[in-house]
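First comes the structure, then the notes that go with it.
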Amino acid sequence: MSTFLVTGCGRGVGLALTKALLARGDRVIGSLRGGEAPLTHERFELVRFDVRDRAAILAAASSVRGPVDVLVNNAGIIGPRTPALAMDFDAFAETLDINVLGALRVVQAFLPHLREAPEAKVLTISSQLGSMAYPGSDRIAYRASKAALNKLMQGLALDLAADGIAVLTAHPGWVRTDMGGAGADIAPDESAAGLLALVDRLTLETTGRFLDWDGSPRPW
Ligand SMILES: NC(=O)c1ccc[n+]([C@@H]2O[C@H](COP(=O)([O-])OP(=O)(O)OC[C@H]3O[C@@H](n4cnc5c(N)ncnc54)[C@H](OP(=O)(O)O)[C@@H]3O)[C@@H](O)[C@H]2O)c1
C-alpha cells in the first residue's frame, strides 16, 4: 500500500485518480479548497488548501503523518479565454499562480513527507497545450502556464534526483471533465488508469520525462 497526495480531489481527473487508488488498495490524502469531501473511505484523508495559499498548504503538510510515496499535482484551471492582444492580466496572473506556482508550493511543503518514502515520486498533470511543438494561440494563458509548469518540472526532476525522488510530467489526454467538456476523447477513469500505470513504472532512470497518458513521449 502506497500513500498518494492528490491535489484537487473533488472532481474530474483528481477524483478519478482518488477512486482508482482506493479501489486498488492505496491510501489517498486528497486536497480540496472548499465544499464537502467527495467520498468517505477508511484509506482516504482530506486536507484543505487552495494551492495559492502557501500557509494553508504548509499547515496541511504538518497535519499529515508519515511518508508520502507519490505527490500528484493535479489541481489546475483553464484560465481566461482572452487572446494575448486583449489579455485579462489579472486572470493570466491567477492562471500562473494556480497552475505553476501552486504545484511548486505543494512540492516544497510536502517535501519532508516525500523524503520519508523510500522511492518517492512526483506526478504533475500538465497539458499538450503547453508543448512548444504544439502551436496555437487560443487559451494562450493556459498554454503559457503549462509550458512554464513543464520547465519547472524538468528542473525539479534534476533537483529532486539528489533526494532519490523521481518526477513525471504527463498530459492526461482530452478528458471528459468540467474542464475538458462532454465532447472530449476519454473518460476520467481511462485517463486515471493510464496515468497510474505510468507513475507505477516511473523510476529515477526515467525521471524528467513528459509523456502522454498512454505512455507515448510528448515533445516538450
Ligand atoms: N480535462 C482535460 O481534457 C485536460 C487536458 C489536459 C490537461 N488537463 C489538466 O488535468 C488537471 C485536472 O483537470 P480536470 O479536467 O480534472 O479539471 P476540472 O474538472 O476543472 O478540475 C480541476 C480541479 O482543480 C482544482 N483547483 C482549481 N483551482 C484550484 C486552486 N486554486 N486550489 C486548489 N485546487 C484547485 C479544482 O477544485 P475545485 O473543485 O475547488 O474548483 C478541481 O478539483 C488540470 O491540471 C488540467 O489542466 C486536463
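Quick check on my filter: what residues within segment 76-119 are in a loop (DSSP other than H, G, I, E, B) and farther than 30 Å from residue 29 by Cβ? Full working, then the answer.
If we filter segment 76-119 for residues that are in a loop (DSSP other than H, G, I, E, B), which is where we start, we get 76-83, 87-88, 117-119.
Result: 80, 81, 82, 83, 87, 88.
Tell me, yes or no, whether segment 51-60 has at least one residue that is near the ligand (Cβ under 9 Å from one of its atoms), open to solvent by 20 Å² or more (accessible area, probe 1.4 Å), out of contact with any strand residue (DSSP E or B) (no Cβ under 7 Å at 6 or more places or on another chain) and in a helix (DSSP H, G or I).
Going through segment 51-60, the residues near the ligand (Cβ under 9 Å from one of its atoms) turn out to be 51-53.
From what is left, the residues that are open to solvent by 20 Å² or more (accessible area, probe 1.4 Å) are 52-53.
Keeping just the survivors that are out of contact with any strand residue (DSSP E or B) (no Cβ under 7 Å at 6 or more places or on another chain) gives 52-53.
Among the residues that remain, those that are also in a helix (DSSP H, G or I) are: none.
No, segment 51-60 contains no residue that is near the ligand (Cβ under 9 Å from one of its atoms), open to solvent by 20 Å² or more (accessible area, probe 1.4 Å), out of contact with any strand residue (DSSP E or B) (no Cβ under 7 Å at 6 or more places or on another chain) and in a helix (DSSP H, G or I).
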Restricting attention to segment 15-37, does a residue exist that is in contact with a helix residue (DSSP H, G or I) (Cβ under 7 Å, 6 or more places away or on another chain), over 26 Å from residue 214 (Cα atoms) and not small (Gly, Ala, Ser)? no
Please go through segment 185-196 and pick out each residue that is open to solvent by less than 10 Å² (accessible area, probe 1.4 Å) and either in contact with a strand residue (DSSP E or B) (Cβ under 8 Å, 6 or more places away or on another chain) or in a strand (DSSP E or B) (or both). 191, 195
Go through (1) farther than 23 Å from residue 138 by Cα; (2) within 15 Å of the ligand (Cβ to nearest atom); (3) open to solvent by 20 Å² or more (accessible area, probe 1.4 Å) and name the single condition residue 78 misses. (1)
Residue check, residue 121 against (1) surrounded by fewer than 21 Cβ atoms within 10 Å (Cβ to Cβ); (2) more than 15 Å from the ligand (Cβ to nearest atom); (3) of a type in the set (D, E, K, R), all met but one. Which one? (1)
How many residues of segment 1-40 are away from the ligand (no atom under 14 Å from the Cβ) and surrounded by fewer than 16 Cβ atoms within 10 Å (Cβ to Cβ)? The answer is 5
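Of the residues 68, 64, 47, which single one is open to solvent by less than 10 Å² (accessible area, probe 1.4 Å), away from the ligand (no atom under 14 Å from the Cβ) and more than 27 Å from residue 209 (Cα to Cα)?
On the way: 68 fails: more than 27 Å from residue 209 (Cα to Cα); 47 fails: away from the ligand (no atom under 14 Å from the Cβ).
Only one candidate passes the filter, namely 64.
Test of understanding: among 49, 4, 44, which residue is over 21 Å from residue 150 (Cβ atoms) and free of Cβ contacts under 8 Å to residues at least 24 places away in the same chain? Talk me through it step by step, then tell me what you get.
Details: 4 fails: free of Cβ contacts under 8 Å to residues at least 24 places away in the same chain; 44 fails: free of Cβ contacts under 8 Å to residues at least 24 places away in the same chain.
It is 49.
Using the structure shown, decide if residue 187 is away from the ligand (no atom under 15 Å from the Cβ) and under 16 Å from residue 125 (Cα atoms). Let's see the steps before the verdict.
Details: away from the ligand (no atom under 15 Å from the Cβ): no; under 16 Å from residue 125 (Cα atoms): yes.
When the stated conditions are applied, residue 187 does not pass them.
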With the first residue restricted to segment 147-165 and required to be surrounded by 18 or more Cβ atoms within 10 Å (Cβ to Cβ), and the second required to be in a loop (DSSP other than H, G, I, E, B) and aliphatic (A, V, I, L, M), Cβ contacts under 7 Å at 6 or more apart or on different chains are 147/132; 165/120
Got a number for residues in segment 137-158 being closer than 20 Å to residue 209 by Cβ, among the small types (Gly, Ala, Ser) and more than 15 Å from the chain's Cα centre (by Cα)? 1
Log entry, pairs with first residue in segment 197-220 being surrounded by fewer than 19 Cβ atoms within 10 Å (Cβ to Cβ), second being of a type in the set (S, T, N, Q) and in a loop (DSSP other than H, G, I, E, B), beta carbons closer than 7 Å, six or more apart or on different chains, reads 219/131; 220/131
Just one of 173, 181 is without any contact (Cβ under 8 Å) to a residue 40 or more places away in the chain, within 12 Å of the ligand (Cβ to nearest atom) and assigned to a loop (DSSP other than H, G, I, E, B); which is it? 181
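The values are calculated or read from the model by the stated rules, or taken from the named source; none is laboratory data. Keep in mind that this is a model prediction, so the values were computed, not measured. Glycine gets a Cβ as well: all are built from the backbone with ideal geometry, and neighbour counts include every protein chain shown. Keep in mind that these areas ignore ligands, DNA and RNA; they rest on the heavy atoms of the full protein, side chains included. Shrake-Rupley method; radii C 1.70, N 1.55, O 1.52, S 1.80 Å.
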